[in-house]
Amino acid sequence: MIASSAFGACSARRCGRKNYANAPPSSAPPEDGVYSAHPFETPTPLANFFELLAILIIPAALTYTFGKLVGDTRQGWALLAVMTIIFVPFLILGAVQEQAGTPQLAALGVDLVASDAQAGGNMEGKETRFGVVNSALWAAATTAASNGSVNSMHDS
């Protein structure tokens, strides 16, 4: 990687910058694809919640903006109501299903009940700092906002 500067050509090695193009994923800086599960991004569940709130506030505010643009704020409020009516049931459904765990694990005798010792439910692919409900909340909110961020795996 050659960059030009006021002092002439500068390679990544000579200028003190590391070239991450061919580096293994573990050496990439935190901003290169680790999303919101990285402890430096959201160190606590409260920070995770505030990031989630910021992700949802912009689309919610834009419904009001839409109403102002078309000259009828009732249309913006109606759009927000429809978005909320779709979002809340899917949030509840996701949280309940994740907290219930899987029948295969229950058949093996695994304790899926939440207690002081464990979060309960389906913790596969979940960040233990956030737990099942916060991971389900993040999944529903970021899917609704279509921003693509993850803080737990959605494939299990």
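Just so you know, all these numbers are worked out from the coordinates, no wet-lab data involved. Just so you know, these numbers come straight off a predicted model, no measurement behind them. Neighbour counts run over all protein chains shown; Cβ positions are idealised from the backbone, glycine included.
Odds and ends about this structure:
- Simple spin-label estimate for A81 and N147 in nanometres, 7 Å along Cα-Cβ: 2.7
- Shown is the FRET efficiency for L62 and R129, computed with R0 = 35 Å from the Cβ-Cβ distance and rounded to the nearest 0.05: 0.70.
- Taking a ≥ b ≥ c as the square roots of the eigenvalues of the Cα gyration tensor, the range 39-122 is classed as oblate, since a/c reaches at least 1.5 and a/b does not exceed b/c.
- Packing here is the average count of other Cβ atoms within 10 Å per residue, and on that basis the peptides 93-100, 81-88, highest first, run 93-100, 81-88.
- Taken along the Cα-to-beta-carbon direction at a fixed 7 Å, the label points for Q118 and F49 span 2.6 nm.
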